[in-house]
Amino acid sequence: MHDDSRKGIGGNATWRPVTLLVLAICGITVVADGYDVVVYGAVIPSLLHEPGWGLTPAGAGLIGSVALVGMLMGATTVGTLTDTLGRRRMLIGCLIWFSVMTGLCAIAPTPEVFGAFRFLAGLGLGGVLPTATALAGEYSHPKTRNLVFAIVFSGFPVGGILAALSGMLVIPRSGWQPMFLLGLVPLLLVVPLAVRYLPESIVFLQAKGRYAEARKTADRWNIPLDDAQEEAAASAEARSGLDSGGMSSVKALFSHSYIAATLCFLAMTCLCLFMIYGLNTWLPEIMRRAGYSSGSALAFLLVFNIGAVVGTIVISLAADRLGSKPIIVTTYLLASVSVILLSLRLPTGMLYLAVALGGVGAMGTQTFVLAYVSKHYPVRMGATAMGWTLGFGRIGSMLAPPVLGLIIGAGWAFQWNFYALAIPGVMGAVLIGLVPRAPGTESSGGHGQAGGTVRSLVEPT
């Protein structure tokens, strides 16, 4: 019995069919998330010239920040509710909400109404990523969790690729409005799949004492589950000394055992999202002002996101072997160096390479920070930790659009935008070294269990 309980739910299988199913649905959901965020950067040049709107770069940056305020509120609120109400229900609800609000942006008659719809979309959008990553992580094997997070989070740049391609094809012919109508596609295609096939997290059900539901889900997907594992989950929850309410999870994040790591994760995500949203929002306009055509400027956004997808998945294979810290330091510094290179007058081929490496560095960092967070906290705090990490990180994403918008509006040389984007990478590389070991683990890589709580579908032997 002791050996079985240490293995955790599901024995030694690394890639079960249910893992692939959850990974696919969560990944597609994050694609929709990425499209919705990046589409704004793709349409900014058009919005600045929309008749009757009189939108300035500073005003466009403010609208971008308003949407991100909604994401901050959504991430912290939904992340906490997810640890109370369940991953599946909240993920589907957020997907429906932000798809509808994104579609309504297409009929906005004024910048103010447009900004209001972007804010409302942000409420749902902010809850998607912490919920999807928590669910995918709980159905993954610890030995492949960095890869799982890389695949899920690569949905974000895939969405960016679709937004950039759509912008290149749609905007010259039909204007910016159809770009937001495409945001309704998840409502029609992804939501029905999620309602029918997406399972609730078994470890979440166990952590909440809902053992009958956990067994029913395990039986449906042919996952071995015995009484010893149920007892282990219950005793681990009792040892944590925390009740199952959402607020107790929030308090635990800032308890003596976790506060140092929590503050580091919050700051690191803030710095990383400053780079990601700054580049995704303003890269086309910055490159256009640097002398490139509108089509070429959108191509830079496309290359940025392609680099993020390919590079992040490749690096994740090393992260599962080397641990989180050295990989995060590397990706932070890679992002900073690449952004500095963009400020130089390089040959076109080298410029595209720098943009691609910038995507690897910025997006890769966020992926591996989230994977690190998922391994550092007990499962009962998982979605709350994700929500607060991403929610606080939205402060960085909120600051990036107006800060860069002010730099552009002030008429400074385009290089200053890249200098502003490079500094956070250096700061983040320093912060990762300050993250302490998770309570109850012997490895700083965070592979152990914090607080003894069952953490994923399959635990290492």
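Numbers for the structure displayed
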| read-out | value |
| --- | --- |
| Verdict on G391 being at pLDDT below 80 and of a type outside the set (D, E) | yes |
| Positions within the range 212-232 being closer than 18 Å to R87 by Cα and at pLDDT below 80, in sequence order | W221 |
| I315 in contact (Cβ under 8 Å) with a residue 60 or more places away in the chain and farther than 15 Å from T269 by Cβ | yes |
| Index of the failed condition, L344 passing every other in (1) closer than 30 Å to K143 by Cα; (2) of a type outside the set (V, I, T); (3) assigned to a loop (DSSP other than H, G, I, E, B) | (1) |
| Selection status of A438, assigned to a helix (DSSP H, G or I) and either small (G, A, S) or under 19 Å from the mean Cα position of the chain (by Cα) (or both) | no |
| From the options V170, V195, V152, residue that is of a type in the set (V, I, T) and closer than 22 Å to Y277 by Cβ | V152 |
| Residue match in the range 135-151 (condition: within 16 Å of the chain's Cα centre (by Cα), in contact (Cβ under 8 Å) with a residue 60 or more places away in the chain and closer than 17 Å to L68 by Cα) | no |
| Top-ranked residue of the range 180-199 - restricted to ones that are surrounded by fewer than 18 Cβ atoms within 10 Å (Cβ to Cβ) and more than 14 Å from S99 (Cβ to Cβ), ranked as farthest from the chain's Cα centre (by Cα) | R196 |
| Answer from L273, L283, L301, L334 - the residue that is crowded, with 18+ Cβ neighbours inside 10 Å, in contact with a Phe, Trp or Tyr (Cβ under 8 Å, 6 or more places away or on another chain) and aliphatic (A, V, I, L, M) | L283 |
| Failed item, numbered, when R345 is tested on (1) crowded, with 24+ Cβ neighbours inside 10 Å; (2) of a type outside the set (F, W, Y); (3) without any contact (Cβ under 8 Å) to a residue 12 or more places away in the chain | (1) |
| Test result for Y372, in contact (Cβ under 8 Å) with a residue 40 or more places away in the chain, surrounded by fewer than 24 Cβ atoms within 10 Å (Cβ to Cβ) and of a type in the set (F, W, Y) | no |
| Failed item in (1) surrounded by 24 or more Cβ atoms within 10 Å (Cβ to Cβ); (2) at pLDDT below 80; (3) β-branched (V, I, T), with V250 passing the rest | (1) |
| Among (1) modelled with pLDDT under 85; (2) in a helix (DSSP H, G or I); (3) not acidic (D, E), the one test that Y292 misses | (2) |
| Long-range neighbours under 8 Å by Cβ, at least six apart or interchain, first residue on the phi < 0 side of the Ramachandran plot within the range 413-429, second buried (at least 24 other Cβ atoms within 10 Å of the Cβ) and of a type in the set (D, E, K, R) | none |
| Out of G209, G167, G155, sole residue that is buried (at least 17 other Cβ atoms within 10 Å of the Cβ) and at pLDDT below 85 | G155 |
| Some residue of the range 376-390 being within 30 Å of S255 (Cβ to Cβ), of a type in the set (K, R) and under 17 Å from the mean Cα position of the chain (by Cα) | no |
| Some residue of the range 18-38 being more than 28 Å from R196 (Cα to Cα) and either at pLDDT 90 or above or surrounded by fewer than 18 Cβ atoms within 10 Å (Cβ to Cβ) (or both) | no |
| Among the residues listed as A385, A400, A356, A362, the single one being assigned to a helix (DSSP H, G or I), closer than 30 Å to Q206 by Cβ and touching a helix residue (DSSP H, G or I) at 6+ places or on another chain (Cβ under 6 Å) | A385 |
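The values are calculated or read from the model by the stated rules, or taken from the named source; none is laboratory data. Worth saying up front: this structure is predicted, and the values here are computed from it rather than measured. Reconstructed Cβ throughout: ideal geometry from the backbone, glycine too, with neighbour counts over all protein chains shown.
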